[in-house]
């Protein structure tokens, strides 16, 4: 028997989901069909890939070895397939990208337009549906470039640091902290903190030494509009990038930096190594890094010079 790409996908799906039923759902197969394919694969290889432990599965050494090979090979395979289907973005064609952040992409269109003007044969397209898990979309070949706020660790990827952007606290103007020039991380433990999906409780940004374990009462609100409405109604404070908070500031809402200097996230660009050799990549990378100063500025948070100094 010759190993096929579907065999690598099968083993990777079981390893990543942990159960046959979840793996079958990911691969659009019935569970009996997946079990049958796994039995045939193991019989042909002459070695078990998984131990059957009750209803669960535990990979054997052979299964782990095959999973590591799948993690290396599948991104390259998917990238090749995407290039052949859509035109090779190394010389032209389609470049698909998404961020691991929000669907408020108002800081990206200018960069996309400038890149396409410099490389007329390259179409740059946002893939909003990949926002929830851009790394998986990249691994599965549905994305060519991911902009992330956590450094990815995935074989076969080329990763570059981009810029930092400050986070801000969105709060009602009637809030007791509204008169401060900035808030400290410990101030967030006093009430409920509303978080967008990209900053859910496990995010490294929230693992701050000033916060005792379990001090934050958090709630994840996936939709930015709903999160803003909850803050406006007094349901809590929200932690957002300064650039995302800016369009929502009005007579009822304001935003303040978190910490001094302001707490910030580091952004990364991730793409297949083969694509990092494209002639347009250095131009694209420099353009992305040039976005940093605009996102770094805290002018979006309002005229701080007119705000009373923080007391205490």
Task: Filter pass, residue 202 being out of contact with any strand residue (DSSP E or B) (no Cβ under 9 Å at 6 or more places or on another chain) and either at pLDDT 85 or above or not in a loop (DSSP other than H, G, I, E, B) (or both) - done: no
- [ ] Name the residue, out of 47, 22, that is in contact with a helix residue (DSSP H, G or I) (Cβ under 6 Å, 6 or more places away or on another chain) and at pLDDT below 90.
- [x] 47
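Does residue 37 meet the test of being modelled with pLDDT of 90 or more, surrounded by 15 or more Cβ atoms within 10 Å (Cβ to Cβ) and more than 30 Å from residue 158 (Cβ to Cβ)?
Numbers: modelled with pLDDT of 90 or more: yes; surrounded by 15 or more Cβ atoms within 10 Å (Cβ to Cβ): yes; more than 30 Å from residue 158 (Cβ to Cβ): yes.
Criteria met by residue 37.
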Task: Within the range 91-114, considering residues that are assigned to a strand (DSSP E or B) and at pLDDT 75 or above, the one nearest to residue 241 (Cα to Cα) - done: 99
- [ ] Being modelled with pLDDT under 85 and within 16 Å of residue 248 (Cβ to Cβ) is the filter here, so list the residues in the range 168-189 that pass it.
- [x] none
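Mind listing whichever residues of the range 58-90 are outside any helix (DSSP H, G or I) and either at pLDDT below 75 or within 29 Å of the chain's Cα centre (by Cα) (or both)? Before the answer, list the steps.
Filtering the range 58-90 down to residues outside any helix (DSSP H, G or I) leaves 58-60, 87-90.
Listed by number, the residues that qualify are 58, 59, 87, 88, 89, 90.
Got at least one residue in the range 159-172 being in a loop (DSSP other than H, G, I, E, B) and either out of contact with any helix residue (DSSP H, G or I) (no Cβ under 8 Å at 6 or more places or on another chain) or over 16 Å from residue 240 (Cα atoms) (or both)? Steps first, please.
Filtering the range 159-172 down to residues in a loop (DSSP other than H, G, I, E, B) leaves none.
Among the residues of the range 159-172, not one is in a loop (DSSP other than H, G, I, E, B) and either out of contact with any helix residue (DSSP H, G or I) (no Cβ under 8 Å at 6 or more places or on another chain) or over 16 Å from residue 240 (Cα atoms) (or both), which makes the answer no.
For the range 247-283, which residues satisfy the criterion of being assigned to a strand (DSSP E or B) and under 22 Å from the mean Cα position of the chain (by Cα)? Break it down into steps so the answer makes sense when it comes.
First, pick out the residues of the range 247-283 that are assigned to a strand (DSSP E or B): 253-258, 264-272.
Of everything in the range 247-283, those that are assigned to a strand (DSSP E or B) and under 22 Å from the mean Cα position of the chain (by Cα) turn out to be 258, 264, 265, 266, 267, 268, 269, 270, 271, 272.
The values are calculated or read from the model by the stated rules, or taken from the named source; none is laboratory data. All values derive from a computational prediction rather than experimental measurement. Cβ sites come from the backbone with ideal geometry, for glycine too, and all protein chains shown count toward neighbours.
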